[in-house]
Structures are given as C-alpha cells and as structure tokens.
Amino acid sequence: MPSTPAKKQSIINPVTIPKGQHPVTFSDISDNTLSVLRRLNAKGYEAYLVGGCIRDRLMGKTPKDFDVATNATPEQIKECFRNCRLIGRRFRLAHIVFGRDIIEVATFRGHHEEVNANEEENKTQVKGRRGNQVDDVLAKQDQQGQLLRDNVFGTIEEDAERRDFTFNAMYFSAKDQSIIDFANGMASINEKKIELIGDPATRFREDPVRMIRAIRFSAKLGMTIPPEMGDQIKELSHLLANIPPARLFEEVLKLLVTGIGLRTFHLLHEYGLFAPLFPQLAPLLVDNSCREMKLVEQVLKNTDDRLNNEQRVTPAFLYAAFLWYPVEESTQFIMGESGVAQNDAFNIAVGEVLQKQTQRIMIPKRFSIPIREMWQLQMRLPRRFGRRAYQTLSHPRFRAAYDFLLIRGQIEGGDLLELGEWWTEFQEVTPEQRKDMISDLRKQPGVPRKKKIIKKRKAT
Ligand code: ATP
Ligand code: MG
C-alpha cells in the first residue's frame, strides 16, 4: 500500500548558528569545494555545504567528502563550470571534476505532492541528458512507497525536509560562515542519538537504504539507534530486497570496507538487515560459535585492520569469504542430488551462488572473476604433486587464495591448518628444499596418489 508523504512543517524549524559559535571554518573545507561554493554564489545562486562533512566535523571527525547543495538546476550548474558532468537518473546530480577530486553538487529537492502543479516548470529542468527529449517522470513511488525517482526541485526548507537524518540537514554558508540547522540536528549530535526527519516508517519505506545508513552512522559515529527506530528497521528490513543491486553494491562497500566493517556487520545482523543483503549466508549464521560466523568475523576484522594500517583491500576477498560456505554447502547438495563428481558439482555451485548473490548485490566482473579464481584455488591448493605446487604458486591470485586458506585453517583447524603451514613453508624455503617438500609428499606410505590429498598431509 503506498504510504503518505512525510509529515510537513512541524519538523522544520531553521535556526542559524553564526560564525564562531560552531567549530566549522574555511580551513576544514577543501580549496576545490570552496571555489565551487564561491563560483555559485558569484553567479547569484545560493550554495551550501551540507550533510556528512558538516556532521562529521561537528563530531570531531575528518570529513570524507564534501557535498554541496544549491538552488541552481543541474543545467544552470553546468553553465557555471566547464569541468561539470551531469549524472544520475533516479537522483540527478552535477559532478564538478578537478582531476581525481570530484565535488558533488545537488539541486535542492522539493515535495512530490506538488509535482502536478509544477510539472510543466519542472519538466524543463530535466531536459538535457537525452537531448531535448523530456523525461516526463520526475518523481515516482512504487507499491511499498519506495521513491524510484527524486528529481523534483524545491526550496532550501523543502530540501532540508527531504534529507534523511536531522544531523544531515545542517547547511554551512560560505558567504557568512554560518550554519543553518533545520531540524535540530545539533541536539541529535549532542545526545548522540540518531533521529529521522519525519515519520520513520514513511521515510524508511520511501528509501529503505536509509535503514542501512542509520546502521552505518551508528557504527561510524558511536550514535545510538532509539528503540522505536530499531523496531521499525526490524519490521521493514525485508524492503532492502527491492533496492537495485547496483546501488547496493556501492552501499555495501561503504558498510563493510571503510574500517569499521566488523562493528557494522554486528549491527546489520542484530537489526535483520544482513539477511536481505546476503540471503545465502545469513541462514548459516545460526549462532556466535558456528564456523560461518567465525569466518565472517575474522575476515571483517582482518579487513578493518588492513584498512586502518593503510594496506590495500579488495572487496573480492570479502565476497569470496562470505560466500565460501554457501558454495561448499551447495556443492554437497548438488553431489547428493545428482551424483555428479565433486569438481563438477563445485563448478555448478560456484555459478549458482554468484548468480543468486548478484540478484541482491551487483558484483562487477572485475570482482567476480577474482572471486571465482580464489575459490578454484581452494580446490587446487591441496593438490601439490609434480609441477602442480609451482603452477599454483605462480597463479596471479595465489596470494589472496593462500591468505584465505590460512583463515579457513584458523577456523577449522586440522588438515586445513596443516595445509596452510605447508604453503607458508613452501614459499619461504630454497628451490632445493621445495623439491624435497614435494617428494616428501610422495613418501606417504599407503595413501593412494589421486585421492584426497589433504588427508595425505595429515599422515605426515
Ligand atoms: P558520508 O559521505 O560520510 O558517507 P553523508 O551523509 O554525506 O555521509 P552521502 O551519501 O554523501 O552521505 O549523502 C549526502 C547527504 O545527502 C546526506 O548527508 C543526506 O543529507 C542526503 N542523503 C543521502 N542519502 C539520502 C537518502 N537515502 N535519503 C535522504 N537523504 C539522503
Ligand atoms: Mg557525503
């Protein structure tokens, strides 16, 4: 049933905090961002810094990026900057490009119930991307009340009201360095309590991604989710399944690959948001001591540690690890059902698990190929006779596969632990010693060559 739009008026009460009475100064803002704000102001438009950068600075954190909001339409913004690119269909935006630094500039959003009255005027605002053809749908909601399109432009008050949380509706002006706090975001920051603007159920239905944003801000900023909001999230968590997989790919990276993945995962799990994101893994997380839970936690901990030590991480590793036990389970199932050999069942399982996952979260090819390779290598790592160990070692994905084997060994122990130790040693020793290690494998008495080689290691 489509829900009614967010309640109006009562929640918006702009309070101006003058320069000097808040901690944000020009020195907190990048030069490129300041130049964008000043150019828009000079051309006669209103322009503000808004959202995460102001919120993070007020909470003593270094802003990750700078978001600008203005009353200029995307086309008007484009006229102000040669280095401007218009992007997005669901939510049209301007990107001002300074080499690798991109400043996102959004036009103030308005209310959808006024679409009909303003339609003619608004239609002209969405011309451009497809030549003179006018996209006649500016705002669109689906059966659950989810906003499929949000391109109705409005005033700054309307824009504030359409933002998600009260602490994200604080606007910094480069003209006088004041902050306009539209929804009492300062109180939310001081109380460290996450508050939605408007009616929570309506706002979560309009855009279910707001539920995972609440989790992200809670994990990142140490803010509490009030119990009523928590209940709403648990009730509506299934709506995440309606979000386009491409959008969720980006959102999940922000959740799990920014240095607080483990904390964020626990919250997602607690509020029932992990299952719609990873429907094949979630049912296996039966309790805190099961191997699936331990693997997820260990991989997230390693990812967080690496990020916090400024080491490289790849989402492929995370996805490969998250989906490993579903692949293992599915392999067993296929073998039992159809009696095909383990290798064939494994290959079928790999395809099926990835395909099901991408129905929820898109996994671009640049990640799905390494995921498959990491999995295939798990099958190859136990097979070390002849040239096999050398071939595996020289595989471009060996390092990731070996790291993953070590984690599996840490969790499952036994043969896997020994196999991991064998590979650690194999990498460290001289070429002569490598030969010896391989011929030692052959010396295992009474173990048939082609059968489970992991078992042979155990006999060493
Ligand atoms: P960060 O950039 O640190 O992840 P942020 O709050 O800046 O956090 P962005 O995705 O950059 O997040 O969005 C910028 C601003 O746009 C937000 O602060 C918020 O005001 C608004 N916004 C973003 N996503 C939504 C949404 N789903 N619904 C309503 N408003 C949103
Ligand atoms: Mg931001």
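The values are calculated or read from the model by the stated rules, or taken from the named source; none is laboratory data. Treat the numbers as computed from the prediction; the structure is a model and nothing was measured. Glycine gets a Cβ as well: all are built from the backbone with ideal geometry, and neighbour counts include every protein chain shown. We work out accessible area using only protein heavy atoms, side chains counted, and drop any ligands, DNA or RNA first. Shrake-Rupley method; radii C 1.70, N 1.55, O 1.52, S 1.80 Å.
Some observations on this one:
- Options Asp231, Asp176: the member that is of a type in the set (D, E, K, R) and assigned by TED's automatic domain parsing to the domain that holds Arg90: Asp176
- Flag for Asn347 being open to solvent by 10 Å² or more (accessible area, probe 1.4 Å), under 24 Å from Phe398 (Cα atoms) and more than 28 Å from the chain's Cα centre (by Cα): no
- Verdict on Ala69 being touching a helix residue (DSSP H, G or I) at 6+ places or on another chain (Cβ under 7 Å) and open to solvent by less than 20 Å² (accessible area, probe 1.4 Å): yes
- Residue check: Lys61 meets all listed conditions (1) of a type in the set (Lys, Arg); (2) in contact (Cβ under 8 Å) with a residue 40 or more places away in the chain; (3) within 24 Å of Ile189 (Cβ to Cβ); (4) in contact with a helix residue (DSSP H, G or I) (Cβ under 6 Å, 6 or more places away or on another chain) but one, namely (4).
- Among the residues of the range 189-214, those identified as touching a residue at least 24 places away in the same chain (Cβ under 8 Å) and under 17 Å from Met59 (Cβ atoms) are Ile189, Lys192, Lys193, Ile194, Glu195, Arg213, Ala214.
- Only listed residue being within 16 Å of the chain's Cα centre (by Cα), under 21 Å from Tyr402 (Cα atoms), open to solvent by 50 Å² or more (accessible area, probe 1.4 Å) and not charged (D, E, K, R), chosen from Thr258, Thr314: Thr314
- Some residue of the range 331-344 being within 25 Å of Lys220 (Cβ to Cβ) and acidic (Asp, Glu): no
- Helices (runs of 4 or more DSSP H) contained in the range 385-445 and holding at least 2 residues basic (Lys, Arg), open to solvent by less than 40 Å² (accessible area, probe 1.4 Å) and out of contact with any Asp or Glu (no Cβ under 7 Å at 6 or more places or on another chain): none
- Top-ranked residue in the range 272-303 [being over 16 Å from Tyr325 (Cα atoms) and in a loop (DSSP other than H, G, I, E, B); ranked as most open to solvent (accessible area, probe 1.4 Å)]: Gly272
- Filter result for the condition that a residue is farther than 14 Å from Arg360 by Cβ, among the acidic types (Asp, Glu), touching a residue at least 24 places away in the same chain (Cβ under 8 Å) and outside the structural domain of Thr62 (by TED's automatic domain parsing), over Glu292, Glu310: Glu292
- Restricting the search to strands (runs of 3 or more DSSP E) fully inside the range 9-119 and requiring at least 1 residues that are within 16 Å of ligand 2 (Cβ to nearest atom) gives 47-50, 67-70, 84-87, 93-98, 101-107.
- The range 42-57: number of residues that are within 12 Å of ligand 1 (Cβ to nearest atom) and either open to solvent by less than 10 Å² (accessible area, probe 1.4 Å) or touching a strand residue (DSSP E or B) at 6+ places or on another chain (Cβ under 8 Å) (or both): 9
- Matching residues, the range 250-271, being within 14 Å of Arg210 (Cα to Cα) and outside any helix (DSSP H, G or I): Tyr271
- Criterion: closer than 25 Å to Arg89 by Cα, open to solvent by 50 Å² or more (accessible area, probe 1.4 Å) and part of a helix (DSSP H, G or I) - qualifying residue of Arg216, Arg203, Arg247, Arg210: Arg247
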